[in-house]
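Rule-based calculations on the coordinates, nothing more; no lab input. The structure presented is a predicted model; accordingly, all values stated were derived computationally and were not measured. Virtual Cβ from ideal backbone geometry, glycine too; neighbours counted across all protein chains shown.
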Amino acid sequence: MFLSVSSIVSLQGAQAQEKEPGTVPDKVKNTRTIQAYFIGFEMGDYAHAVVRRANRKRSSFFLGGPVELEYFLAAHKDKPLLLTYQVVDSSIPEAGGVMTIERLVSAKFGNESNADWWKRVGRSSDVDSLRKKYDALVERATIK
């Protein structure tokens, strides 16, 4: 069995995107791109990607993309990445309502985006093999 990108369910991203009945839909206010190094994942109520910018300052982004984004970040830890994030008004029940967040939606290393990388990687492996390999990378990249 070979993997298609649509056959994998996101670890956190899809769950973070799902809204409870009666909540306000997300409103994207802006999309921005930065260059940074991925440092690791922080886990709380939601998964966050922690990055280090050129000025050595750390930033943390909600993860809002598919599992390939998390796998891509883990596979490219400590490498220079071009990251795209959205400034979003999102319903966050744990925060008591709508709040403005910065949600990471894509990443690129050199000329290869996370989506292109996933198409290439997924073509040659089955779902179980990919999950075993990349779930382990995500675990190692999680900041304790």
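Descriptive notes on the structure:
- Whole-Hz ³J(HN,Hα) from phi, Karplus 6.51 cos²θ - 1.76 cosθ + 1.60, for segment 48-58, glycine and proline x: 10, 9, 9, 10, 10, 7, 4, 7, 6, 6, 8
- Positive minus negative residues near VAL51 (Lys, Arg vs Asp, Glu; Cβ under 10 Å): +4
- Counted by Cβ distance under 14 Å from VAL105, the other residues give a net charge of 0, where Lys and Arg count +1 and Asp and Glu count -1.
- Contour excess over end-to-end distance, with Cα ends at THR100 and VAL24 and 0.36 nm allotted per residue: 26.1 nm
- Kirkwood-Stokes translational diffusion coefficient of segment 9-140, alpha-carbon pairs, 10 °C, 1.306 mPa s, µm²/s: 104 µm²/s
- Here's the list of lysines a cross-link from LYS119 could span, going by alpha-carbon distance under 25 Å and ignoring same-chain residues fewer than 8 apart: LYS77, LYS79, LYS108, LYS132, LYS133.
- Mean-position separation - Cα centroids, segment 105-144 and segment 55-102, in angstrom: 16 Å
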